[in-house]
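The values are calculated or read from the model by the stated rules, or taken from the named source; none is laboratory data. Because the structure is a prediction, the values reported are computed rather than measured. Every residue, glycine among them, receives a Cβ derived from its backbone with ideal geometry; neighbour counts consider all protein chains shown.
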Amino acid sequence: MTPSYYLLLSAVLFSLGAVGVLVRRNAVVVFMCVELMLNAVNLSLVTFARINGSLDGQVMAFFVMVVAAAEVVVGLAIIMSIFRTRRSASVDDSNLLKY
Amino acid sequence: MSALFLTQTAAQTAAQAADTVSTGEAIAFWILGPLALAGALGMLFARNAVHSALWLALTMLNLGVIYMVQQAPFLGFVQIIVYTGAIMMLFLFVLMLVGRDSSDSVVEVLRGQRLAAIVFGVGFAGLVVSAVARALTNVTSVGLAKQNTVNGGNVANIGTSLFTDFLFPFELTSALLITAAIGAMVLGFSDRNAKGVKKTQRELVEERFQGNRPSPLPGPGVFATANSVATPALLPDGSIAPESLSELIESTAKESLADDLAEVSGTADGPDAHALSGTKEDLA
């Protein structure tokens, strides 16, 4: 077994997250799928850091975590305010910008 | 230059010998990896959004342990504390506030989108997996044994890197975080006591006097024979005050009010004074 198995796991997790973003309709669940994709990328960054023998990859993963935390806070606040005005958390119902 | 390169490669080959995947790590991977996959699949297929969140928490927990196995102890703990501890709990809070019972609609807005998404996902996974597997066949890992032992270990070296090579991005994240905090406060704020949301007593009084009715609506009438809410109040001239009738009555089926109607209009049978003696027919 080589560390590249971790990269394969990361690729499969990323694909599952992408399918979730496309398939699920609840905005909060779509957001969770985005988080899964970010986590998969973090796993590949950590593995690359190990393969290259440099801590830069781990620092990158750290930055990804910081940005993901900020993104979750703002995104969930947006979902909350949309729910407050439209009484729905489904991505199909938010169509005011459609035309 | 070439001598330097040679010494570098020699050092690399020496380090390569150090970083092999031990049996213990392989066992850990084959336990944690399938669990993480199971969490991701569970999140994808759970109908209930709260179950999705819990499955995702399982995946993130497993990923945290995988980071620790992969010579990244700092990131492993940050993953568990920040992701599993903070972000997933934030998700659960918002789910409880917003969409706990709003399960996914099964209606497809774009026809065939689900099938296309699954085909895309399988294709993408196959492409990336095969590409990574082929690209990394002859790559041997260097390992982080040196970085994780000298100069204070993993955490100290990451800190040094953050405050030297990555100082500017690190400062940028502070701006990002404060913007995110302010943005969340602005978006999440709702002023229930703001002007115009809730009427004050003064506004209510002015509205009442400037409107077309200075007094409250008349209550239902109460007569000796009936005290039902269906009984209308009578105006001084004896006519029925229409405002005293409850809106509920309009929406109720007429048949169910027949008794009350008969009682009010006086066509119903009065109380039978001879009910016990059974002599009513005789008197009649």
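Within segment B:62-88, residues that are under 16 Å from residue A:73 (Cβ atoms) sit with their Cβ atoms under 6 Å from residues that are surrounded by 21 or more Cβ atoms within 10 Å (Cβ to Cβ), at 6+ positions apart or across chains, in these pairs: B:83/B:60; B:87/A:72; B:88/B:57.
In summary, residue B:117 fulfils each of the numbered conditions (1) at the interface with chain A (Cβ under 9 Å from one of its Cβ atoms); (2) surrounded by fewer than 13 Cβ atoms within 10 Å (Cβ to Cβ) with the single exception of condition (2). Out of B:130, B:174, one residue alone is among the small types (Gly, Ala, Ser), within 14 Å of another protein chain (Cβ to nearest Cβ) and within 30 Å of residue A:16 (Cα to Cα). It is B:130. Among the residues of segment A:82-99, the one identified as at the interface with another protein chain (Cβ under 9 Å from one of its Cβ atoms), part of a loop (DSSP other than H, G, I, E, B) and of a type in the set (Ser, Thr, Tyr) is A:88. The residue list B:58, B:37, B:44, B:54 contains one member that is facing chain A (nearest Cβ under 7 Å) and out of contact with any Cys (no Cβ under 8 Å at 6 or more places or on another chain), which is B:37.
Listed residues B:109, B:128, B:94, B:69; which is closer than 17 Å to residue A:46 by Cα and of a type in the set (A, V, I, L, M)?
Values: B:109 fails: closer than 17 Å to residue A:46 by Cα; B:128 fails: closer than 17 Å to residue A:46 by Cα; B:94 fails: closer than 17 Å to residue A:46 by Cα.
Answer to the check: B:69.
In a residue-by-residue description of segment B:83-102, the property of being of a type in the set (Lys, Arg), more than 7 Å from chain A (Cβ to nearest Cβ) and more than 30 Å from residue A:5 (Cβ to Cβ) applies to at least one position.
Answer yes if at least one residue in segment B:105-117 is at pLDDT 90 or above and β-branched (Val, Ile, Thr), and no otherwise. No, the conditions are met nowhere in segment B:105-117. Screening residue B:58 on (1) modelled with pLDDT under 90; (2) over 19 Å from residue A:4 (Cβ atoms) shows it passes everything except condition (1). Looking at segment A:17-30, which of its residues are assigned to a helix (DSSP H, G or I) and crowded, with 23+ Cβ neighbours inside 10 Å? Selection gives A:17, A:20, A:27, A:28, A:29. A Cβ distance below 7 Å, combined with a sequence gap of six or more or placement on separate chains, defines the contacts here; from segment B:19-32, residues that are over 16 Å from residue B:65 (Cβ atoms) reach residues that are surrounded by 17 or more Cβ atoms within 10 Å (Cβ to Cβ) in the pairs B:19/B:141; B:19/B:142; B:19/B:143.
Let's see how each residue does on (1) closer than 28 Å to residue A:11 by Cβ; (2) among the aromatic types (Phe, Trp, Tyr); (3) touching a residue at least 40 places away in the same chain (Cβ under 8 Å):
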{"site": "B:116", "(1), (2), (3)": "yes, no, no"}
{"site": "B:154", "(1), (2), (3)": "yes, no, yes"}
{"site": "B:159", "(1), (2), (3)": "no, no, no"}
{"site": "B:170", "(1), (2), (3)": "no, yes, no"}
{"site": "B:182", "(1), (2), (3)": "no, no, no"}
{"site": "B:187", "(1), (2), (3)": "no, no, no"}
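No other residue among B:24, B:64 is at pLDDT below 90 and part of a helix (DSSP H, G or I) apart from B:24. Would you check which residues across segment A:32-54 are among the β-branched types (Val, Ile, Thr) and either touching a strand residue (DSSP E or B) at 6+ places or on another chain (Cβ under 8 Å) or at the interface with chain B (Cβ under 7 Å from one of its Cβ atoms) (or both) and list them? Matches in segment A:32-54: A:46, A:47, A:51. Taken over segment A:57-81, the residue count meeting the criterion of being more than 7 Å from every other protein chain (Cβ to nearest Cβ) and either more than 14 Å from the chain's Cα centre (by Cα) or at pLDDT below 90 (or both) is 2.
Beta carbons closer than 7 Å, at least 6 apart along the sequence or on distinct chains, pair a first residue in segment A:14-43 that is farther than 13 Å from residue B:41 by Cβ and touching a residue at least 60 places away in the same chain (Cβ under 8 Å) with a second that is part of a helix (DSSP H, G or I) and not aromatic (Phe, Trp, Tyr) for A:26/B:49; A:27/A:79; A:28/A:79; A:28/B:49; A:28/B:94; A:28/B:95; A:30/A:21.
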